[in-house]
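Colleague: What follows is a structure written as structure tokens; I'll ask about it next.
Coordinate-derived values only; no laboratory data. Everything quoted here is computed from the prediction, not taken from an experiment. Every residue, glycine among them, receives a Cβ derived from its backbone with ideal geometry; neighbour counts consider all protein chains shown.
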């Protein structure tokens, strides 16, 4: 019986807090985060893991890897802030659960504001009865928002609007109907299409819609700071042992199946009318993003 008990203990997964408490992990975190920030980093991710039982079941190294991506972008892992998430799913190749970095729409807003390029940045749901007219040619929207906040919250969403304005006055807007957003979710989320009940689209459709609107708007027409490029490039990825990033395009019985979307991204460039001759020679980059659903 003693032998059996010892074998059971040997196969038990090491707790995440114990994993971080090892000398090797302490040295790694000190090297990558360091000093006082290192302790804050450890405390915050332990807190995030303790509030999510499924995340606690993930391979410890993948939790740390996902958290380090967020830390490098100076974003908080607190689920309440919604800047980024460490999302668990089943990896059939490895035979275990792994954590995946996913930026939230509030993380995009933080990084865009921090870049210093944007004077205004906004995204919101448009409720039934509010939309008077949207002119896609001139990118002008006319709405009459419901003044009572509680009444507005109860009203049905009919679409989503996002806009930004640079410090130099350049402005861009985007409006999608609810049906267009639904079609987008159906296309890029096998789980949502099958109505599995576990997807982010089902749990927080508006939050995923806001993120989609911001990514569509900023990646196609916005100035991309290094942090914004990094966040979009590494969204819904895993860090492999060699330090490279692996995009997840299929999951076997996973919590969050994904598909790959190709989005053309402009890098740290001004609008064409504001560029110098040297800047006009720069070419746009392409990154492959996953619509995590």
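Colleague: Would you mind putting 130-136, 203-209, 66-72 in packing order, based on average other-beta-carbon counts within 10 Å, highest first?
Modeller: Highest to lowest by the protection proxy: 66-72, 203-209, 130-136.
Colleague: Compute for region 1-129: radius of gyration divided by Kirkwood radius, i.e. Rg/Rh, restricted to C-alpha atoms, rounded to two decimals.
Modeller: Rounded to two decimals, Rg over Rh is 1.10.
Colleague: Same structure, new question: Considering the alpha-carbon set of region 36-83 alone, what are its Rg and its Dmax in angstrom?
Modeller: In order Rg, Dmax, the Cα atoms of region 36-83 give 10.1, 29 Å.
Colleague: Cut-off 13 Å, label point 7 angstrom out along Cα-to-Cβ of residue 177: give me the residues of region 141-160 whose amide nitrogen falls inside.
Modeller: 158-160
Colleague: Sticking with this one: For region 119-196, just run the numbers: alpha carbon Rg, then divide by 2.2 N^0.38 Å, N being how many residues it has.
Modeller: For region 119-196, the normalised Cα radius of gyration comes out at 1.28.
Colleague: Here is a follow-up. If a paramagnetic tag sat 7 Å from the Cα of residue 196 along the Cα-Cβ line, which residues of region 22-55 would have the backbone N under 20 Å from that point?
Modeller: Correct set: 52-55.
Colleague: Related question: What's the extension gain from residue 132 to residue 187 if we count 0.36 nm per residue and subtract their Cα-Cα distance?
Modeller: 16.9 nm
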